[in-house]
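Comments concern the structure below.
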Amino acid sequence: MTDLITRPLDALTGWIFEHLLQPAMYAAGLMDWAEDAIEWLEFGLFGVFSIAIVWLVCRPLEAWRPVEPVTDRGAIRTDIVYTLLTRLGLLPLVAFVFLASLQAWWEGTVADSGFVPPTLETLFPALREMPLLAFAIYVVILDFGEYWRHRFQHMFGWWWALHSIHHAQRQMTFWTDDRNHILDEVIAAFWFGAIALLIGVPPGQFPLLVLVMRLAESLSHANVRLSFGRVGERLFVSPRFHRLHHGILSVAGHGKNYAVLFPVWDWIFGTADFRRDVYPRTGDPEAPEALATGGWLRQQLVGLRRMGAALTGRGQG
């Protein structure tokens, strides 16, 4: 399943490294870094691929039936900067690689004791013969983890101070998905990577899981008048369902519709809002104007200042 993605990317990575990157590194005397360069090249190309897939899916939808006309292209350009920095850096993959190394070290220290850390496939060996079912279970578990991370972002004042950057956008598009404070992105990457390691996600399947989750999140933020119907809305998160989460009445602890893929988590834990045909105005009325219209660096600095104020009890401004 993952070969459809990994093989072409591996071939492209090999060609770029052999014909472009390696000669330049050799001339500069940097061949000691060749292995690291290949890894980062793979990460970067996967980021470009994921951005291209999201654009091809979401941009036509936004042109087809937009919820609102575009009135602030500057704010959207800022969101594009967020996307390029986040997806070309591929924080979830970096976190997974780092945590995988940490896990390998930890497993090595307990190998002599005979203890084998449990994973999904060790608990249910039959899953080794059913990769599609295993992949689906990984998606469900990771989505459950993402639901709770999202709720915690709204529950804790210091975390909301960071996450409010995401909610401050009044011109929401599919680019808004990556509009997050860099510290919030780091926490999210390690959260996602740690859960993936705990349940034993194979490294070869991890990029595809990231792609599926990213595509779903981008689609849910798209500026498109689209719902999945009375039944479909309860099975999968739609742009209409998630737009309610970004409404001006759904900030901080008042949030609804936290799920990334499956609204069932919101239904089970009492945070679902299934109102029909509602496409509210988005944004955070309580956020400083800089979080809505400032550039990337200004938003990062304001977010840090607000987090510090929340941690010290001085309030947020």
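The values are calculated or read from the model by the stated rules, or taken from the named source; none is laboratory data. As the structure is a computational prediction, the values presented were derived from the model and not from experiment. Neighbour counts run over all protein chains shown; Cβ positions are idealised from the backbone, glycine included. Ligands, DNA and RNA are excluded from the accessible area calculation, which covers all protein heavy atoms including side chains. Shrake-Rupley method; radii C 1.70, N 1.55, O 1.52, S 1.80 Å.
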Q.
Among the residues of the stretch 15-45, what is the count of those that are surrounded by 13 or more Cβ atoms within 10 Å (Cβ to Cβ) and either over 23 Å from the mean Cα position of the chain (by Cα) or at pLDDT 70 or above (or both)?
A. 14
Q: Among the numbered conditions (1) in contact with a Leu (Cβ under 6 Å, 6 or more places away or on another chain); (2) open to solvent by 80 Å² or more (accessible area, probe 1.4 Å), tell me where Arg305 comes up short.
A: (1)
Q. Quick check: is even one residue across the stretch 221-231 open to solvent by 30 Å² or more (accessible area, probe 1.4 Å), touching a helix residue (DSSP H, G or I) at 6+ places or on another chain (Cβ under 8 Å), under 16 Å from His181 (Cβ atoms) and in contact (Cβ under 8 Å) with a residue 12 or more places away in the chain?
A. no
Q: Assess whether Ala309 counts as being more than 26 Å from Ile199 (Cβ to Cβ) and aliphatic (A, V, I, L, M).
A: yes
**Q.** Where Val237 falls short, out of the listed (1) over 22 Å from the mean Cα position of the chain (by Cα); (2) crowded, with 20+ Cβ neighbours inside 10 Å
**A.** (1)
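Table: residues versus (1) of a type in the set (A, V, I, L, M, F, W, C); (2) without any contact (Cβ under 8 Å) to a residue 12 or more places away in the chain.
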{"residue": "Leu120", "(1), (2)": "yes, no"}
{"residue": "Pro125", "(1), (2)": "no, yes"}
{"residue": "Tyr147", "(1), (2)": "no, no"}
{"residue": "Trp160", "(1), (2)": "yes, no"}
Q.
Looking only at residues that are at positive phi and out of contact with any helix residue (DSSP H, G or I) (no Cβ under 7 Å at 6 or more places or on another chain) in the stretch 240-278, which one is most open to solvent (accessible area, probe 1.4 Å)?
A. Asp277
Q: Could you look through the stretch 279-302, keep only residues that are in contact (Cβ under 8 Å) with a residue 24 or more places away in the chain and charged (D, E, K, R), and pick out the one that is least open to solvent (accessible area, probe 1.4 Å)?
A: Asp284
Q.
Which of the numbered conditions does Asp177 fail, given that it passes all the others? Conditions: (1) open to solvent by 30 Å² or more (accessible area, probe 1.4 Å); (2) under 25 Å from Val264 (Cβ atoms).
A. (1)
Q | Lone unmet requirement of (1) touching a His at 6+ places or on another chain (Cβ under 7 Å); (2) surrounded by fewer than 19 Cβ atoms within 10 Å (Cβ to Cβ) for Pro131 | A | (1)
Q | Members of the stretch 232-255 that are hydroxyl-bearing (Ser, Thr, Tyr) and closer than 21 Å to Trp160 by Cβ | A | Ser250
Q. Considering the stretch 171-213 alone, what residues qualify as being of a type outside the set (A, V, I, L, M, F, W, C) and modelled with pLDDT under 85?
A. Gly193, Gly200, Pro202, Pro203, Gly204, Gln205, Pro207
Q.
Looking at the stretch 144-156, can you tell me whether even one residue there is crowded, with 20+ Cβ neighbours inside 10 Å and either part of a loop (DSSP other than H, G, I, E, B) or among the hydrophobic types (A, V, I, L, M, F, W, C) (or both)?
A. no
